[in-house]
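Here's the structure we're looking at; comments come further down.
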Amino acid sequence: MTSIDTRPALVHAPSGTDGEWWRHAVIYQVYPRSFADGSGDGIGDLPGITSRLPHLAELGVDAVWLSPFYRSPQADAGYDVADYRDVDPLFGTLDDFDALLLRAHDLGLRVIVDLVPNHTSDEHAWFQAAMAAGPGSPERERYLFREGQGETGELPPNNWESIFGGPAWTRVADGQWYLHLFDSRQPDLNWEHPEVRAEFEDVLRFWLDRGVDGFRIDVAHGMVKEPGLPDWDGHVSMIEGSDEPVAGNGNQGPMFDQDGVHEIYRAWNRVLAEYAGDRALVAEAWVEPLSRLARYVRPDEMQQAFNFAFLATLWDAPALRAVIEASYLTADSVGAPTTWVLSNHDVVRHASRLGLPVAGSRPNGIGHGDEQPDEELGLRRARAATLLMLGLPGSAYLYQGEELGLPDHTALPDELRQDPAFFRTGGAERGRDGCRVPLPWAADEPGFGFSPTGVTWLPQPASWASYALDAQRGVSGSTYETYCLALAVRRDEHLGTGGLAWADSYGDDVIAFENRDVLVVANLGSEPVGLPAGATVLASSTPVSGGILPGDATVWLRRP
Ligand code: NOJ
């Protein structure tokens, strides 16, 4: 057993407690089709969300981020928007949205909506007009149509590949090709076009006028492409401070992270500033190294950026310590809050990732026939990882269902899969459906209470009965009650605006730090560690007794 004592090394200084809300907020991601179904068709909807908002207030989060609910043919689960100013009938109506917002605000919850500006749906009026108008028309200028290469233009204009697999170009009947960094039903917009810029500023105002508190910006690093759309030479950048190439955490190449993208965010910052109150833009930018990511949150750009470097780090104390430290150094260099996230609708849930043989590795989905995670170990580590994350100053994102400790559905039959990434890779990648399964609210109800009819658009694993909210609520030590307690302590102790000073003499496998008056100790190893004598346990991921912290566990302590 390693013993203790500490010489704090300040990495990040505490700030006042009354800054803008987004500097310290815990923001809960709602994935509308899988949160709660009010209509009974098996697909979640806005009235369903509204009816369950008291759950989020009870949980103790500060804000809700809604993934897209706009009019869409759902080729990429709503990230293919056909009308940015309307609600898809699947999810309800604009009145339903207004009712949701009102209820959320009544409960003290802020609401962030998703904006998808890199691409539209192929059913968007602009793309339909571009297809009808033909080559050389002004309508085609709003997208990235090009002639092909080869004698008859039979080859794509360049060698770019879609993030979902296959070429990033699709040829239309008149012979031109259009660019789509994602599915062929998600044509990329031409952000050099003034009408595109004007349109999105107007869309921002449409939702700001309705009262939203901010926007999560989809593919924030992708809108501006290198002029001339050159072939990508395959060069990848290196992880901050090392000779290791970035291993897929950051999207690379001439289609990502171009300097020109920042002017868009400066303009949007000015749009938000026209509105009273604190509004926020959060960048979904898979950009490495962190110093490049920090450019998105300079004072005149966005307020936050997701910290995917943290999400992508393995269950390894030195690696996590390094990424935590780099996160503060880079965010602090531009005066932005650091953010933290472990799960979302695009990655295998952390309760499953952390149960894989390489704990924390990131397959794109897990299916039957694949190596299955160790569910118990994954949950134990997931709870420890969450307590580590929520003990850190900054803003944290939770993904719906993680407060229940949900694993992915890791044995979903292939014929039920819907993610375009599964189809575009010929099944080589299972895709993201496993983390998008409808939530279990009630252990004994059909569909675990997700919908009044018991219908669910994806099947839920039978084992989810024990994860249902009503099986955990009021049960001391359950994952749900652990989240509630941690969020309450975090709020009471002002950890979100606190500081981080390493307490570093617990051994290599332990991450220990002080945030205000709370000592956070996360033991990622298997050997138990001794805790300071007489310390009071404020929260823990697993029962702690006798002053000993077992492996794969995190504790929050108050020193005597
Ligand atoms: C990122 C979103 O989170 C993901 O779900 C979507 O498929 C792509 N962007 C394309 O919009």
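The values are calculated or read from the model by the stated rules, or taken from the named source; none is laboratory data. Predicted, not measured: the structure shown is a model, and the values here were computed from it. Cβ sites come from the backbone with ideal geometry, for glycine too, and all protein chains shown count toward neighbours.
Below is a table of values for the structure above.
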item	result
Helices (runs of 4 or more DSSP H) contained entirely in the stretch 265-351, each with at least 1 residues that are acidic (D, E)	317-333
Set D433, D444: member being farther than 15 Å from Y31 by Cβ and not hydrophobic (A, V, I, L, M, F, W, C)	D444
Qualifying residues in the stretch 69-85 (those that are out of contact with any Pro (no Cβ under 7 Å at 6 or more places or on another chain) and in contact (Cβ under 8 Å) with a residue 60 or more places away in the chain) - the one nearest to the ligand (Cβ to nearest atom)	A77
Near pairs, Cβ below 8 angstrom, 6+ apart or cross-chain, from the stretch 411-427 (part of a loop (DSSP other than H, G, I, E, B)) to any residue that is surrounded by fewer than 14 Cβ atoms within 10 Å (Cβ to Cβ)	A411/H368; L412/H368; P413/H368; G427/D414
Hits in the stretch 87-97 (condition: buried (at least 19 other Cβ atoms within 10 Å of the Cβ) and either at pLDDT below 95 or not hydrophobic (A, V, I, L, M, F, W, C) (or both))	D88, G92, D96
Entirely in the stretch 4-104, the strands (runs of 3 or more DSSP E) that have 1 or more residues that are among the polar types (S, T, N, Q)	26-30
Top-ranked residue of the stretch 276-293 - restricted to ones that are surrounded by fewer than 20 Cβ atoms within 10 Å (Cβ to Cβ) and touching a helix residue (DSSP H, G or I) at 6+ places or on another chain (Cβ under 7 Å), ranked as nearest to W21 (Cα to Cα)	D278
Residue selected from the stretch 150-201 under the condition aliphatic (A, V, I, L, M) and within 20 Å of G136 (Cβ to Cβ), by the criterion nearest to the ligand (Cβ to nearest atom)	L189
Within the stretch 446-480, considering residues that are surrounded by fewer than 16 Cβ atoms within 10 Å (Cβ to Cβ) and without any contact (Cβ under 8 Å) to a residue 24 or more places away in the chain, the one nearest to R417 (Cα to Cα)	A462
Qualifying position, being hydroxyl-bearing (S, T, Y) and more than 26 Å from the chain's Cα centre (by Cα), among S476, S466	S476
Close pairs (7 angstrom Cβ cut-off, 6 or more residues apart or separate chains): touching a residue at least 60 places away in the same chain (Cβ under 8 Å) in the stretch 278-299, of a type in the set (K, R) and within 15 Å of the ligand (Cβ to nearest atom) anywhere	V282/R216; E284/R216
Number of the condition not met by G360 [criteria: (1) of a type outside the set (K, R); (2) closer than 27 Å to A77 by Cα; (3) not in a loop (DSSP other than H, G, I, E, B)]	(3)
Test: G405 is over 16 Å from the mean Cα position of the chain (by Cα), on the phi > 0 side of the Ramachandran plot and free of Cβ contacts under 8 Å to residues at least 12 places away in the same chain	no
Any hit, the stretch 113-120, residues being under 15 Å from L179 (Cβ atoms) and among the polar types (S, T, N, Q)	yes
Qualifying positions in the stretch 170-183 - in a loop (DSSP other than H, G, I, E, B), over 21 Å from H221 (Cβ atoms) and not β-branched (V, I, T)	A173, D174, G175, Q176
Flag if S15 is over 24 Å from R279 (Cβ atoms) and surrounded by fewer than 21 Cβ atoms within 10 Å (Cβ to Cβ)	no
Selection within the stretch 249-264 - in a loop (DSSP other than H, G, I, E, B), on the phi < 0 side of the Ramachandran plot, in contact with a helix residue (DSSP H, G or I) (Cβ under 9 Å, 6 or more places away or on another chain) and buried (at least 21 other Cβ atoms within 10 Å of the Cβ)	G250
Positions within the stretch 98-125 being crowded, with 19+ Cβ neighbours inside 10 Å and away from the ligand (no atom under 15 Å from the Cβ), in sequence order	L100, L101, A104, L109, R110, V111
Count of residues meeting criterion [more than 16 Å from the ligand (Cβ to nearest atom) and under 29 Å from the mean Cα position of the chain (by Cα)] in the stretch 126-149	2
